[in-house]
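Enquirer: Supplied in C-alpha cells, the structure appears directly below.
The values are calculated or read from the model by the stated rules, or taken from the named source; none is laboratory data. Note that this is a predicted model, so its numbers are computed, not measured. FYI the Cβ positions are ideal-geometry reconstructions off the backbone, even for glycines, and counts take in every protein chain you see. Protein only, heavy atoms only, side chains kept; ligands, DNA and RNA dropped before computing areas. Shrake-Rupley method; radii C 1.70, N 1.55, O 1.52, S 1.80 Å.
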Amino acid sequence: MGRLPQHSWHGPIGSASYSNGGVITVDLGGHTQLTTTTCFKHAKAKIGIMQDDAKVQVEAGGTEVIATDGRLEIDDCNPGHLKATLWASFADGGRVEASIDSNMIATTDQ
C-alpha cells in the first residue's frame, strides 16, 4: 500500500529482478520501486537518501524522488526469490509499505 500527495493505492507487488551485478529491483505497484544490493537472510537495512545499498525510488512528475527514511527487512533472499517487508517515507509526505514474497527474474547488466 502506498500514499503520495493527492494519491493512494493498494495492490500487488509487480515484477522483481536480480541482475548479475547483484542489484535487486522490485516494482511496488507501478508507483514506487525498491532497488537494493542487500540480499541475504535476516538482513536489515535503513533506507535513506544517502545510503546506496538500499533505497526506494518513486517517479513523480518526471523526476526521481528518493525516500528519506525507512527500513528494509529481508526474511530470505537468493537470486531467484525475495521475501521481505519494507516501509519508506518521502519528504513530501508520501509513504509506502510492502510485504514482498516474489520470484525474481535474472537479468544481465548492460
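Enquirer: Between LYS41 and SER99, with labels modelled 7 Å along Cα→Cβ, what's the label distance in nm to one decimal, could you check?
Expert: The answer from the label model is 2.1 nm.
Enquirer: Moving to a separate point now. Sort SER89, SER15 by accessible area with a 1.4 Å probe, largest first.
Expert: Most to least solvent-accessible, the answer reads SER15, SER89.
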